[in-house]
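Right, one structure below, let's go through it.
None of the figures in this text is laboratory data; all of them are computed from the coordinates on show. Computed from a predicted model, the values in this text were never measured in an experiment. Using ideal geometry, Cβ is built from the backbone for each residue, glycine included, and neighbour counts are taken over all protein chains shown.
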């Protein structure tokens, strides 16, 4: 399986993602934002970080990068595109996934482990994962927001990917770290080939450093892609 | 031609920064405030002398980059 990780000026999780993808069997290429052509890929990842210093709105500048025209075409033709953290912010700015990510409710930069419950397993990203996942979050703008009409459409189309919860999978407000509507931590496009999520699976791929739910995620992803 | 644009958050969008500014003003003794909403202001010096054309261009900029229409409104307030 071939993957591509896009590096924007200010990306800082691109190399972590490269390490994670390679560890679980992807042949990964790093792609510079100013390139026009996307290498042949089974998966494209927009990594976390602070592209363009979060100027204007997080992800807004990066969403207009040269490479993004190719990424958008790739996604619209059914290609798998995953945006993590700042990558999620870039995805919402392209309009590939609905909604926006606002400042965290209590104006704090949040850096901690969280649990997420998979809301929709009928897709390549989460099919066959049957447990609550422990991932890491580190963000200032992860407060998912959309209009009432959009929320209805998102729910009708089963586009909510994951919700913040406790270790037993309870998705109550007290387990919502940032004020996101309905504890939403990740969203799909209608077709479920594009996934944006705030948590970082690439930070959970080593038992002695953090945890292994990221390993579970990437192993499952490459198996589902085969 | 200089054009000014104001971007504001839509009414039903939570503005935690505005809220904190409100609280701080309140703590400073400015007690008769109902609400504070924070926005953005842009001054764009366009290479265009026709006000109509310049405004149209800036409107396009607002829709494509300066504002996110899911949560924000824009208002072109001045062209001179």
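Within a 10 angstrom radius of the beta carbon, how do A:188, A:88, A:24, B:30 rank from fewest other beta carbons to most?
Details: A:188 26, A:88 30, A:24 19, B:30 11.
Starting with the residue having the fewest Cβ neighbours, the order is B:30, A:24, A:188, A:88.
The distance separating the Cα centre of the range B:19-68 from that of the range A:171-226 comes to 35 Å.
Could you tell me what percent of the DSSP beta bridges with both partners in chain A are antiparallel, to the nearest 5?
On the way: 22 of 39 bridges.
Close to 55 percent.
In terms of surrounding Cβ atoms within a 10 Å radius of their Cβ, A:80, B:28, A:198, A:17 rank from fewest to most as B:28, A:80, A:17, A:198.
Can you work out D for chain B in µm² s⁻¹ from Stokes-Einstein, where Rh is the Kirkwood radius over C-alpha pairs, the temperature is 37 °C and the viscosity is 0.692 mPa s? Using the Kirkwood radius from Cα pairs, D works out to 232 µm²/s. Normalised by the number of residues in chain B, the mean separation of alpha-carbon contacts (under 8 Å, six or more apart) gives a relative contact order of 54 percent. Helix-only arithmetic for chain A: the sum of -39500 (n - 2.57) across DSSP H runs with n ≥ 4, divided by the residue total, places the mean residue ellipticity at 222 nm at -7000 deg cm²/dmol.
Residue exposure proxy: A:153, A:37, A:141, A:202, ordered by other Cβ atoms within 10 angstrom of their Cβ from fewest to most, comes out as A:37, A:153, A:141, A:202. Tell me the angle of helix B:51-61 to the major Cα principal axis of chain B, expressed in degrees between 0 and 90 and rounded to the nearest ten. Result, in degrees: 60. For a label point 7 Å from the Cα of residue A:191 along Cα→C-beta, name the residues of the range A:24-42 whose backbone N is under 15 Å from it. Hits in the range A:24-42 for residue A:191 at 15 Å: A:41-42. Working from Cα pairs under 8 Å separated by at least six residues, relative contact order for the range A:2-225 is 20 percent.
Solvent-free Debye calculation, one equal scatterer per alpha-carbon of the range A:2-225: log10 I(q)/I(0) at 0.08, 0.10, 0.12 Å⁻¹ equals -0.24, -0.38, -0.56.
Considering only A:39, A:47, A:98, the mean-square fluctuation computed in a Gaussian network model of chain A, springs between alpha carbons under 10 angstrom, is largest for A:39.
Inter-part distance, the range A:43-76 to the range A:118-143, computed on C-alpha centroids, equals 21 Å.
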